[in-house]
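In what follows, a structure is listed as structure tokens, so that the remarks can point back to it.
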Amino acid sequence: MKGPTLINIVLADDEHLVRGAIAALLGLEEDLEVVAEVGRGDQVVDAVREYGAQVAVLDIEMPGATGLEVAAQLRTAFPGCGVVVLTSFGRPGYLRRALAAGARGFLAKDAPVEQLAGAIRKVHEGGRYIDTELAAAAMAGGESPLTDRETEVLRAASDGASVSRIAARLHLSDGTVRNYLSNAIGKTQGENRMAAIRTAQDMGWL
């Protein structure tokens with residue numbers, strides 16, 4: 001008797017033990033097969049190409065490229081490959097950004113394997129699977145109050161760069177950068193730019 005059609009999966013997570021555990025658990029499902037495991041975001045597209053993966057399961061925080069950046073890359077390079085994003089952070093803005101990047105699955109990294117397997121199957125079929133608790137948190141968190149430029153400047157400031165360096169990097173004047181930083185600080189109700197950055201990161205806006 002012929003077995004079920006396998007869904008080929010690329011699994012990306014920079015935590016080796018976590019990645020191995022998820023792969024082992026998914027391997028127990030008779031219709032799922034992890035064909036490649038990678039620890040960097042910039043390795044995912046090549047792995048999907050090499051192994052013909054139908055679904056990519058991506059952690060958000062990875063070296064090389066974030067899961068959100070990879071989701072956007074896959075949407076362009078392999079639109080037929082479904083994307084499931086795993087998060088260990090309860091940041092409301094992540095869900096909106098993941099969906100905007102083209103992900104169709106979004107759930108917590110510590111979700112039961114049955115839930116992850118179900119999400120993979122649903123995404124592979126062209127559907128969408130969003131963890132209800134994460135969705136509720138995203139709705140409660142509201143939209144980011146930051147404009148695209150304010151977000152860009154705040155992200156550029158996150159490594160402690162000076163106003164002049166940020167201005168040179170983004171091809172803006174020093175005064176314009178100060179205005180954007182001031183606006184971002186006011187909107188996040190922070191005392192300074194580092195407080196604004198922390199708030200924006202906690203909310204998943206950066």
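The values are calculated or read from the model by the stated rules, or taken from the named source; none is laboratory data. Values in this document were obtained by computation on a predicted structure and should not be read as measured data. FYI the Cβ positions are ideal-geometry reconstructions off the backbone, even for glycines, and counts take in every protein chain you see. Ligands, DNA and RNA are excluded from the accessible area calculation, which covers all protein heavy atoms including side chains. Shrake-Rupley method; radii C 1.70, N 1.55, O 1.52, S 1.80 Å.
Some values worked out for this structure:
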quantity: Accessible area in square angstrom per residue, the chain, 1.4 angstrom probe; calculated: 50
quantity: Distant-in-sequence amide H partners of residue 32 (H built 1.01 Å from N, under 5 Å); calculated: 7
quantity: For the stretch 115-123, Karplus couplings with θ = phi - 60° (6.51, -1.76, 1.60), whole Hz, Gly/Pro x; calculated: 5, 5, 4, x, 5, 4, 4, 5, 5
quantity: In degrees, nearest ten, helix 67-77 long axis to first principal axis of the chain (Cα); calculated: 70
quantity: Accessible area of the chain belonging to carbon and sulfur atoms, whole % at 1.4 Å probe; calculated: 50
quantity: Value in Å of the Kirkwood radius, where the chain supplies the Cα pairs that are averaged; calculated: 18.1
quantity: In sequence order, calculated HN-Hα J values of the stretch 145-156 (Karplus, 6.51, -1.76, 1.60; Hz; x Gly/Pro); calculated: x, 7, 6, 4, 5, 4, 5, 4, 5, 5, 5, 5
quantity: Positive-end residue, the stretch 1-53 charge dipole about Cα centroid, Cβ charges, pick of 41, 5, 28; calculated: 5
quantity: Per-residue [θ]222 nm for the chain (sum of -39500 (n - 2.57) over DSSP H runs n ≥ 4, rounded to 500); calculated: -15500 deg cm²/dmol
quantity: Sites residue 24 and residue 135 - FRET efficiency at Förster radius 30 Å, r taken between beta-carbons, to 0.05; calculated: 0.60
quantity: Top of 22, 120, 166 by mean-square fluctuation, Gaussian network on the chain, Cα under 10 Å; calculated: 166
quantity: Degrees between helix 92-101 axis and first principal axis of the chain (Cα, 0 to 90, nearest 10); calculated: 70
quantity: For residue 62, distant residues with modelled amide H under 5 Å away; calculated: 67
quantity: Extension reserve of the residue 125-residue 178 stretch, reckoned as 0.36 nm per residue once the Cα distance is removed; calculated: 14.3 nm
quantity: Those GluC sites (Glu not before Pro) in the stretch 1-104 that DSSP places in a loop and that have at most 15 other beta carbons within 10 Å; calculated: 15, 30, 61
quantity: Estimated FRET transfer efficiency (residue 42, residue 108; beta-carbon r; R0 30 Å; 0.05); calculated: 0.80
